[in-house]
Structures are given as C-alpha cells and as structure tokens.
Amino acid sequence: MPADRRFGFRTRALHAGTPPDPATGARAQPIYLSSAFVFDSTAHATELFSLRSYGTIYTRLGNPTVAAFEEKIASLEGGLGAVATSSGQAAQIVAVLALAQSGDHLVASANLYGGTVTQFAVTLARLGIEVAFVADGDPAAMARAVTPRTKALYAETIGNPRGAVADIGAMAQAAHAAGVPLIIDNTFASPYLCRPIEHGADIVLHSGTKYICGHGTVMAGVVVDAGTFAWAEKHQLITQPSPGYHGMNFRETFGEYAFLLRARAEVLRDLGCCLSPMDAWLLIQGLESLAIRVEAQTRNARAVADFLAQREEVAWVRYAGLPDDPEFRRAQRYLPVGAGAILTFGLRGGRPAAVAFIEALQLWSHVANVGDVKSLVIHPASTTHSQLTEEEMAAAGVGPDMVRLSVGLEDVDDLLWDLSNGLQAAHGAALAVPTA
Ligand SMILES: *Cc1c(COP(=O)(O)O)cnc(C)c1O
C-alpha cells in the first residue's frame, strides 16, 4: 500500500497484504498450494536456509498466501508482523515457547479460555514452565506474582467465562516494570473492537477460528508482535546465541524482528504447527468483512442482552455493554466501539431450565464454538467445563444455570423469537423441579 497515507481499518482489511498478484494480475489473493519453492541456485538456497536472506523455502516455514494473511492481520492489529499457526492453541504455545523454556515462569490472569488453562497448567508444567494464575487478572497481584524467572504476563481482552475485560494498560505497566512483555489473547474482541498494542501490549494472539474466519469453517491461529519490546539479557532465547542456528543471536541479527524470527524459524519450524495456505485464504476472505460483521453482531448482542435482562425467567445477564454490568466502565475504555457479541446469562431453575432452554431452540446452534456469523449456544457446565467438580466450576464462575451465547448476523427479531420460545421451555422445566 502507498506509504504517504495512513489508511483506515476497513481499507486495510481489504488491501493490506493483498495487492493485485504481480505474477498474474489476479485481483483476489491467489492460493499458493505448494509445499516447496524453487531456489535460484545452491548459493541462494544456502542464503535462505541460514536466514541471511528472507524468502520462501517450504510451507511449514512460510508461504505467500499465509504471508498475505499475516501481513493483513499485523496491519489491523498495528503490529510489525505476524506468524500464523494451525489453531489458537498452537498460537499460544508458539508465543510462549518463543520466550520460555524449562525452569521459566509466566504470570497469567485466571480469566482464560478453558483450553488455555489446561495447556498452561498441565502441558506447560510438564515441560517445566510454571504458570501463576492470578484471580480476576488484578494487575497489582500480577506484578506481585512475578519472579526472576518470569518471561511474560498473559491475559485475554475479554476473558472466559464471565466476560471480564482486562485492564490492558495497567497490565502492560506491570509487565514493563518487571522487564517482560505483555501477551494478550484478543480472540473475543477481534482487532475491530480492540487493538491491545495501542494500550501497551507487546504481543497479541488470536484463535483465527473465531471472528477472524467468521464463518465457522477453519481452525487457525496467529501471533502478532508489536516489534517494540526491548529484549534484554533475561530473555536468553532471543538475546543469547542459539544452538538451533549455529550460535546465531536473534536480537543482534534481526533487531525489531527478533521475536518474530525466533517464533517462526525455531518454534514454528520445530513444532510444525503451520497454517495451510487454503485456510489462510479463507481467513483473508473473513478479514475483508470483519468490521461490518462484528459491528452488526455486536448490535444484535446488545439487543439480545437487553431482551434477556428484562425477562422473568432470567436470573442474571453478564455483558460488558450493559450500563449496569460490573465490566461496563472498563469496556468503555478498551472496547469503545462495542463489547462484542458473546454473553452469558443464568436461568432461574438452574440446570434443568438451562437444558430445556437449549433443547427448545431452533435457530441457535448448540455447538462448542464462538464468533460464527450464525448464532451459537452452549451450556458450559455440561460441556466445556463438565470435567470440573462443582467447586472448581464455582471458582471458574460456571454455575449449572449458566448459558453462553455467541450472537450471529440473523435478523434480530428471529433471534429473540427463538430465545423467547427457549425461555418458555425453561420456565416449564423450572416449575417441574421444585428444588430448583
Ligand atoms: C477458541 C479459543 C482459543 C483456542 O483456539 P483454537 O483455534 O480452538 O485452538 C484460545 N483462546 C480463546 C479466547 C478462544 O476462544
């Protein structure tokens, strides 16, 4: 894109990273389904392999279609560059292992996606990386949890399951005071609603499976780096000679690109969790309409929250866009355009009411996903959190009465009609269970 103008979000969503194809003139991004790319000469091949020149070698390490997606999302987040991965879980492990090794430590907000909690608490622990989970993502408590081995602070913009909004600015201050970067999972907000780098975050990641794709078709993830963090000696994996590249020092060799190169050329190379070019293409299609999708879905979500808040059958609604929600003020700061399209609510009548509600719905799909243009519903206590004990569920804020909605793009009257039918069924179930 021409450098003499700073284009707006919607323009960048359409044009950043995807100019007309120089080889063919194709206006849509071509899909380069090729595992490998021909070298000019053996000297060229050696240059590429030793990272002395930058180019395409093998699709596990990089691919033109994947690179177009990476450039587009980096532009939308306001980052220097990005590394795409095969899923959101893969994005997390790539970001963490780019910085941390056995004996190291992370400080994370406890308000996290369940899969992230398991990955951090079980798999990272087995690799010798310990994670301190801090209740409510309190920035002062996160600062206190830092140890000399801490390599990063970690949180989600809008955290599971209660929709807590992270105080990204205060967390970034705590991280920088400790000499470590702040990593933010921005999946639930999408870069349209929040750009954590603007609030001080250093590394942003996504499950591309959700709003970035937007159509429930692709598993994907991505790690975006602001390129501004001052890597110091404590970040040995970036500032010390690497045995993976004949003693190369990423900070000295690549400067502001050090983290991105370390994540790609060592972690992605060695773990192998790369994104398919076909899936990258679907993500590019998704990003083109991200702004209008998320805007319309957020509008629908606000209408759904208002509707539920007025219903007798509903005990409580948690949506940071509601003025009386405990997260409302923080959402005003970090999500000024809207609080997103995911919300939770509780049914009077507990689990039987929640089950009857979900089973009565016709339009809302009962699935373990969010961020689709189709409206989705799930009962966390009997699905995503069903392995937990009642006490663990209570600690995670997941009660048997809780229902989670991911609001889609349907006509809002149709969504409310279906919810209304569900609530009638829930009411019937609640009456049938006197203990509820
Ligand atoms: C879904 C999700 C993930 C995991 O992403 P996958 O693409 O399912 O691997 C991580 N974080 C958040 C907030 C998510 O919603």
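The values are calculated or read from the model by the stated rules, or taken from the named source; none is laboratory data. Bear in mind the structure is a predicted one, so any value in this text is a computation, not a measurement. No Cβ is skipped: glycine too gets one built from the backbone with ideal geometry, and neighbour counts run over all protein chains shown. In case anyone asks, the SASA skips ligands and DNA or RNA and just uses the protein heavy atoms, side chains included. Shrake-Rupley method; radii C 1.70, N 1.55, O 1.52, S 1.80 Å.
Worth a mention:
- Of the residues screened, T239 is not one that is away from the ligand (no atom under 16 Å from the Cβ), on the phi < 0 side of the Ramachandran plot and modelled with pLDDT under 95.
- The range 367-404 - residue that is open to solvent by 30 Å² or more (accessible area, probe 1.4 Å) and of a type in the set (V, I, T) and, of those, farthest from L283 (Cα to Cα): T389
- Checked against the criterion of being over 30 Å from E295 (Cα atoms) and of a type in the set (K, R), the candidates R27, R12, R60 yield just one match: R60.
- Some residue of the range 264-274 being touching a residue at least 60 places away in the same chain (Cβ under 8 Å) and among the acidic types (D, E): yes
- Per the listing A95, A170, A108, A155, the residue uniquely away from the ligand (no atom under 16 Å from the Cβ), at pLDDT 95 or above and not in a loop (DSSP other than H, G, I, E, B) is A170.
- The single condition among (1) within 16 Å of the ligand (Cβ to nearest atom); (2) on the phi > 0 side of the Ramachandran plot; (3) surrounded by fewer than 19 Cβ atoms within 10 Å (Cβ to Cβ) that H215 does not meet is (2).
- When the test is whether a residue is open to solvent by less than 20 Å² (accessible area, probe 1.4 Å) and touching a Gly at 6+ places or on another chain (Cβ under 9 Å), W364 passes it.
- The range 388-407, subset part of a strand (DSSP E or B) and in contact with a Gly (Cβ under 8 Å, 6 or more places away or on another chain), residue farthest from A356 (Cα to Cα): S406
- Of all the residues in the range 56-78, those that are open to solvent by 40 Å² or more (accessible area, probe 1.4 Å) and either more than 26 Å from V204 (Cβ to Cβ) or of a type in the set (K, R) (or both) number 2.
- Tally, over the range 389-432, of residues that are among the small types (G, A, S), farther than 15 Å from R311 by Cα and touching a residue at least 60 places away in the same chain (Cβ under 8 Å): 6
- Residue in the range 298-319 that is of a type in the set (S, T, Y) and either surrounded by fewer than 17 Cβ atoms within 10 Å (Cβ to Cβ) or more than 27 Å from R10 (Cα to Cα) (or both) present: no
- Some residue of the range 197-212 being open to solvent by 30 Å² or more (accessible area, probe 1.4 Å) and under 15 Å from L153 (Cβ atoms): yes
- Selection within the range 307-353 - part of a strand (DSSP E or B) and under 24 Å from G169 (Cα atoms): R318, I342, L343
- Qualifying positions in the range 364-385 - modelled with pLDDT of 95 or more and away from the ligand (no atom under 13 Å from the Cβ): W364, S365, H366, V373, K374, S375, V377
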